[in-house]
1. Among the GluC sites (Glu not before Pro) within segment 221-303, which fall in a DSSP loop and have no more than 14 other Cβ atoms within 10 Å of their own Cβ?
2. Using only Cα atoms and rounding to the nearest 10 degrees, what angle (0 to 90) does helix 45-58 make with the longest principal axis of the chain?
3. Can you list, bin by bin at 10 Å, the percent of alpha carbon pairs in the chain, starting at 0?
4. Hey, can you rank 245-258, 206-219 by average C-beta count inside 10 Å, highest first?
5. Of all DSSP beta bridges located in segment 45-154, what percent are antiparallel, nearest 5?
6. Taking θ as phi - 60°, what are the ³J(HN,Hα) couplings along segment 135-148 by the Karplus curve (6.51, -1.76, 1.60), each to the nearest whole Hz, with x for Gly and Pro?
7. From Cα pairs below 8 angstrom and at least 6 apart in sequence, can you work out the relative contact order of the chain, rounded to a whole percent?
8. Can you tell me what share of the DSSP beta bridges in the chain is antiparallel? A percent to the nearest 5 is fine.
Amino acid sequence: MMRKRLALGHLPTPIQRPRRLAEALGVDLYVKRDDMTGGAEAGNKIRKLEYLLAAAREEGADCVITCGGLQSNHARATALLGASLGMRAVLFLRAADVAAGATLAGNVLLDRLAGAEIRLISPEAYKGRDAVMAEAAAEIRAAGGRPYVIPEGGSNGLGALGYVRAMEEIRKQLDVGLAGGKPFDVIVHACGSGGTAAGAALGAARYDVAGEVRAMAVCEDRATFARIALQIMEEARALEPGLGAPAHLVIDDTAKGPAYAVSTPEQRSRLIQVARLSGLILDPVYTGKAFSGLWDMAERGELSGKRVLFLHTGGLPGLLAQGSSFTDVV
Ligand SMILES: *Cc1c(COP(=O)(O)O)cnc(C)c1O
């Protein structure tokens, strides 16, 4: 049975070849512009929300509850798309200093413009986020509301189907002549909650889009994301039994930097070089780290002779909230 899906994204997104950047790295580089899936709501989360919000609608939800880091792109996309569908959004956002409140910048500004209710929670409380959201849902239900809970990053089996469809979309782009129609050798992307990796790995195999998916972790470690991705892939297969074995999924945690949302000076400097060589804007939390990992692979000679697709997953508001971390390098 095909799952219901809302048409929320501006699809298909283009696949581009940034020539000067490709030459500088010595890589046969293609970029899938999933940072262009929409306007202010753009990024990879729309593809997952096409399925998740369809399910919320089907259940008659009038409110969506989700969670993430303070500058969560997923929470922002949920808030904006929720507003467009007439669903209130309640966002549990992780903050080191809950008492300090949330500065109206970047994603938080967009969340508030969309009318989302922000509830800050400490990193300790965030560990129990699923229980916290279930409790909030029970309270809203008791007050007569109809809430729908979306997990962190929209990363469950249903959300991951969005990236199975993204791979189907790329197959169609290959079929009409892109890159001679041949599959890519490797897809590289940023991994923060595992749903994109899981969906891309399943879809890349199902639609013969790439032999390998390399998920660059931006936090946690290899083992953690390997376990999470496996779980999500199992869920996705239960929802869409036609999905077979995934493409080779490599979780690479060598570019995660000092901490979630904290990048190294080298990563920031590469983000700037990418902008100047291609006009592509990466962000310091996700895509900047993932691309820096790709850059390292190129320097080690691991990408020579390979056709590489970088999946640009968005994240611009997170960059705009971190302007002050660039004063040393711009
Ligand atoms: C959420 C996010 C990711 C990571 O995707 P997951 O499916 O959560 O692993 C990558 N890039 C950006 C910009 C994101 O917002």
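We did not get these values from a lab; they are worked out from the coordinates using the rules stated. Everything numeric here is computed off the predicted structure, so don't read it as measured data. Note that we place each Cβ from the backbone using ideal geometry, even for glycine, and neighbour counts take in every protein chain shown.
1. 302
2. Tilt of helix 45-58: around 30 degrees.
3. 6, 28, 37, 22, 7, 1, 0
4. Sorting 245-258, 206-219 by mean packing, highest first, produces 206-219, 245-258.
5. Approximately 0 percent, going by the DSSP bridge assignments.
6. Residue by residue, segment 135-148 yields 5, 4, 4, 4, 5, 5, 4, 4, 8, x, x, 10, x, 10 Hz.
7. 20
8. 10
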